[in-house]
1. To the nearest 20 debye, what is the magnitude of the charge dipole of the range B:251-362 about its Cα centre, counting +1 on the Cβ of each Lys and Arg and -1 on the Cβ of each Asp and Glu?
2. Relative contact order (percent) for the range A:119-228, with alpha-carbon contacts under 8 angstrom and 6 or more residues of separation?
3. Could you check which residue among A:THR226, A:THR54, A:THR133 shows the biggest mean-square fluctuation in a GNM of chain A with a 10 Å Cα cutoff?
4. With point charges of +1 on the Cβ of Lys and Arg and -1 on the Cβ of Asp and Glu, referenced to the Cα centre of chain A, which listed residue (A:VAL79, A:THR226, A:LEU32) lies farthest in the positive direction of the dipole?
5. For B:ASN90 and B:GLU122, what is the calculated FRET efficiency with R₀ set at 22 Å and r taken between the beta-carbons, to the nearest 0.05?
6. Per-residue mean of other chain beta-carbon atoms within 10 angstrom of the beta-carbon, peptide B:84-91?
7. Can you give the relative contact order of chain A as a percent, counting alpha carbon pairs under 8 Å and 6+ residues apart?
8. Please arrange A:PHE40, B:PHE289 by how many other C-beta atoms lie within 10 Å of their C-beta, fewest to most.
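Each value in this text was obtained by applying a stated rule to the coordinates, not by laboratory testing. Just so you know, these numbers come straight off a predicted model, no measurement behind them. Note that we place each Cβ from the backbone using ideal geometry, even for glycine, and neighbour counts take in every protein chain shown.
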Amino acid sequence: MFKKFFKNSNLKSWLYLLPAIIFLGIFMVYPLIDVFVYSFEEGYNSASQTYFGTGTYNYSYILHDPYFLQAVKNTFILVIITVPLSTGIALLISLGLTSIQRFRSLLQTIYFLPYVTNTLAVGLVFMILFKKTAYSDGLINMLLSLFGGDTVDFIEGPYWAKMFVLCFYTVWVVLPFKILILTSALSSVNPVYYNAARVDGTSKFRTFIRITLPMISPMIFYLIITGFIGAFKAYSDVVALFGTDLNAAEMNTIVGYVYDMLYGDSGGYPSYASAAAILLFAIVLTITCINLLVSKKNVHYS
Amino acid sequence: MKVVLQNLTKKFPARGKKNHGDVIAVNNFTFEIPDGKLVGLLGPSGCGKSTMLNLISGLLKPTSGKILFGDDDVTELPAEHRGIGLVFQNYALYPHLTVRQNILFPLQNLKGKDKLSKEAMEKKVVDAAKLVQIEELMDRKPGELSGGQQQRVAIARALVKMPKVLLLDEPLSNLDARLRLQTREEIRRIQKETGITTVFVTHDQEEAMSISDQIVLMKDGVLQQLGRSQEVYDNPANLFVAKFLGTPPINIFSGNVSDGKLYIGKDAVLNTSGVPNMEVYVGIRPEGFLLSENGSLCCAMGGVEVMGRDISIVSMNEASLNFSIRSIISSDSKVDENAAFVHFDLKPNKVLLFDKKTEKRITF
């Protein structure tokens, strides 16, 4: 059996696959299994490698932990708002970019700049925009008061203001990549289809809905899937905006919760962290499966 | 509906530093396509045929000149409102839609008073599909069809809204030889059944001549000649037209007219009374040679190619501008392949004279 499996012709292929298998196995598959095991071991201690017992207590604990529920809520709000919004805005900008002739490459470069800009610099910019300090209320608040509105503390103020900043930031950060992908997808559509549609008397809007969208649907689908996964894993952006004490700021995310359970000030609970991580994994898996099912009907691969 | 082109010109602006000056793709083109006829637009590649078609379709705007459909000036009308059907060279079927949806697509675009009920649309789709004989392929995607089937779908899509004018851009170039022959007859049949004025672009002269009511020959954006295929073949206006039409191509000699006689080399081959003494190009169609022992034109024997119905004699002459001369003779005649020379008499109506400077036809 073993011999048959590693037949001569197969041997070479397995050899080629070996580096990837080893690395993925050590750094992806083994930890995944390990985390899965930890999540069912109560009170696991990584120093002494001991635990009290096994069972689903870890899951029931985190599901009753208000901080975890807050983190799940935050993450879902972030995902549901930013993924469609960023993809939609990126599509509009890409459509604009492909339909103009002059300054096209200049604008393309400008739209891509955020992608290559340092995160700290971006953080600084957002601080100038939104943060209230002893000296200034931030640019947005200045604008708000200029038009007669009340100033809002976006960084330490009400929940909706903070969520707004987080969504704004996330959309802004993911836009360049999406624009890049979508402009190349749009320009790869053979113009002969647009000519055919014009000759058939198709309106601009209908051409977009019936021809452009289906033709670039694989790329849109790719962006939505990776967008969902990326947004579910949000953490570093939140830290950059609101600092490390996210539970106090009510702005924690699931990944942030996992991190806090491991290394935070109240941390040292690898079992709870593992359970939360597995739940996140289950959520992402479910959403991706739903995405795939939806895509089967609506995505056209040529 | 007749289509009239008046002084149509299309210039493309020069691009890059090396090419100065505009590219004139269509130059001062004037002709009329009669109602309900099939016109073949013919010319070598790069002569502006497709530009011409795009101008008629409205996908391109002319630099100057007018286009009329019937009595309506449509020059400024965009493609979406011209009501034409266009079959693209690579068919441009929407790959994500089924055959049925592809054919239905133009009908769904109709608005206002032209809007059709679902049943009426379905009926039109079925009728169009029947016309091109693809009823059994309705639920397939274009990717699952052969080239010939895709071509039929493209024609059905162009025909379903009953266009005023049907334009076909090299519709047969993606098909194999046998299918091409069959499809061109199909196109002819469909055109006759529907009676839609049709313009057909091709670089294949045989294709154009066989199915067109009229052919229009163009070169470098300039109209060379138009007329019924046989007329143009028999009476080409200039050397280019003579060379372009006919397989095997016409044989061109350098000759001169002296005292009412045409000389090819030293051989006086024909009486050409009325033509002044001058240097000429002599074009002789392959079927214009008669095998004759005492023939006036003497050529060095090159070989004999048997083609079944006919035989083709390949010979050489110093005055010939082509390397070899090809003459088609009935296979009943006996030819000695090993002879050093072969002698021909010429059929006067298959001999065409052209001015050496202007390359224009000289009649005699």
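1. On the way: 12 positive and 14 negative charges, 88 e Å.
For this selection, approximately 420 debye.
2. Working: 58 pairs, mean separation 17.3, N = 110.
After rounding, I find 16 percent.
3. Among A:THR226, A:THR54, A:THR133, the largest mean-square fluctuation in the Gaussian network model of chain A belongs to A:THR133.
4. A:THR226
5. Working: r = 28 Å, r/R0 = 1.26.
Calculated value: 0.20.
6. On the way: counts 3, 2, 5, 2, 5, 1, 2, 2.
Across B:84-91, the average partner-chain Cβ count within 10 Å equals 3.
7. Working: 304 pairs, mean separation 82.5, N = 302.
In percent, rounded to a whole number, it is 27.
8. Working: A:PHE40 19, B:PHE289 27.
Going from sparsest to densest Cβ surroundings: A:PHE40, B:PHE289.
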